[in-house]
1. Please work out which one of (1) under 24 Å from Val93 (Cα atoms); (2) surrounded by 18 or more Cβ atoms within 10 Å (Cβ to Cβ) is the condition Glu17 fails and give its number.
2. Quick one: in the range 141-168, of everything that is loosely packed, with under 14 Cβ neighbours inside 10 Å and of a type in the set (Lys, Arg), which residue is modelled with the lowest pLDDT?
3. Between residues in the range 200-217 that are free of Cβ contacts under 8 Å to residues at least 60 places away in the same chain and closer than 25 Å to Ser136 by Cα and residues that are among the acidic types (Asp, Glu) and surrounded by fewer than 18 Cβ atoms within 10 Å (Cβ to Cβ), which pairs lie under 8 Å by C-beta distance while being six or more apart or on different chains?
4. Does Lys98 satisfy the criteria of being in contact (Cβ under 8 Å) with a residue 60 or more places away in the chain, under 11 Å from the mean Cα position of the chain (by Cα), under 22 Å from Asn149 (Cα atoms) and surrounded by 16 or more Cβ atoms within 10 Å (Cβ to Cβ)?
5. Being charged (D, E, K, R) and assigned to a strand (DSSP E or B) is the filter; apply it to the range 119-139 and report the residue that is surrounded by the most Cβ atoms within 10 Å (Cβ to Cβ).
6. Of (1) farther than 23 Å from Phe139 by Cβ; (2) of a type in the set (D, E, K, R); (3) surrounded by fewer than 17 Cβ atoms within 10 Å (Cβ to Cβ), Arg61 satisfies all except one. Which?
7. Between a first residue in the range 146-167 that is more than 25 Å from Arg195 (Cβ to Cβ) and a second residue that is among the hydroxyl-bearing types (Ser, Thr, Tyr), which pairs have beta carbons less than 8 Å apart while being 6 or more apart in sequence or on different chains?
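The values are calculated or read from the model by the stated rules, or taken from the named source; none is laboratory data. None of the values given here were measured: they were computed from a predicted structure. Glycine gets a Cβ as well: all are built from the backbone with ideal geometry, and neighbour counts include every protein chain shown.
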Amino acid sequence: MTVGNKIFELNQNEPGELQFLTIKDLKNNELNKVELEKEYDPYNFRTRNVGENPMAIIGGRYKFFILNCSSNQIIGPFRPTQRGLAQDAQSGVLYAYKLIENGKYLLVNALDFGLFCYDIENLNNIETVQFFKSDSIYFKGKYNFLDLNKGNQYNMISASCGNYRTEIESGIIFKNIRLQQDKKQNVKNQIKQDRYLVFNKINEDSSNSELIVDMETGTLLNQENYNKIIDKILKE
């Protein structure tokens, strides 16, 4: 992989042996060689961002690293954690990666464990983003990730990926919205009918209004549509 004036190579002689990231200049002179944590399967470059702060994801079977292509720094490894019962020895295998919002977020899909979202805007302080889901079937369905930004403003991302799929579908539900917090600075929310996630939005005039997310579809509802849905449910 070539980024700018540097070549990045992943090397492993035999399965199960140590693996290295070798960094060279364009004349093939070795600049640095970094040992990676042992993994039986070979590491690969999974996806990358070539913007102002170029970076790449180095993925293995159960873990991945983030490579800062400017500083040559390797961050990690990261291992998505088990949320429910593991199905077999394959549980946790990493199948899909996706960078969104100009490299601010990284979405990762792990077999049986489901989707994970990482805020990687600050590579020195990578955080796992909180998620909401309408059920506890982690290997499928819609995930709704809520991330707190500066100034108590929130972004919300919808994402989905089947268990063995290699492509992640995603979209932005809302961006830079101020939401009401409790005394511990956790966002206030209610879940209704096991499907509708309700926040208190703080408007520009400091008044509050409800912000309603349909967790099954990953979309916003306005108050009128939400009331119609609730009325219909109550009548059934």
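1. Unmet for Glu17, out of (1) under 24 Å from Val93 (Cα atoms); (2) surrounded by 18 or more Cβ atoms within 10 Å (Cβ to Cβ): (2).
2. Taking the range 141-168 and keeping what is loosely packed, with under 14 Cβ neighbours inside 10 Å, we get 150-151, 164-167.
From what's left, of a type in the set (Lys, Arg): 150, 165.
Numbers: Lys150: 82, Arg165: 91.
Among them, the one singled out is Lys150.
3. Once the first residue is free of Cβ contacts under 8 Å to residues at least 60 places away in the same chain and closer than 25 Å to Ser136 by Cα and sits in the range 200-217, its partners that are among the acidic types (Asp, Glu) and surrounded by fewer than 18 Cβ atoms within 10 Å (Cβ to Cβ) give Asn200/Glu210.
4. Working: in contact (Cβ under 8 Å) with a residue 60 or more places away in the chain: yes; under 11 Å from the mean Cα position of the chain (by Cα): yes; under 22 Å from Asn149 (Cα atoms): yes; surrounded by 16 or more Cβ atoms within 10 Å (Cβ to Cβ): yes.
Judged against the criteria, Lys98 is a match.
5. Looking only at the range 119-139, we keep the residues that are charged (D, E, K, R), and these are 119, 121, 127, 133, 135.
Imposing the further condition that a residue be assigned to a strand (DSSP E or B) reduces the set to 119, 127.
Values: Asp119: 19, Glu127: 13.
Result: Asp119.
6. Every listed condition holds for Arg61 apart from (1).
7. Hits for this filter: Tyr164/Tyr95; Thr166/Tyr95.
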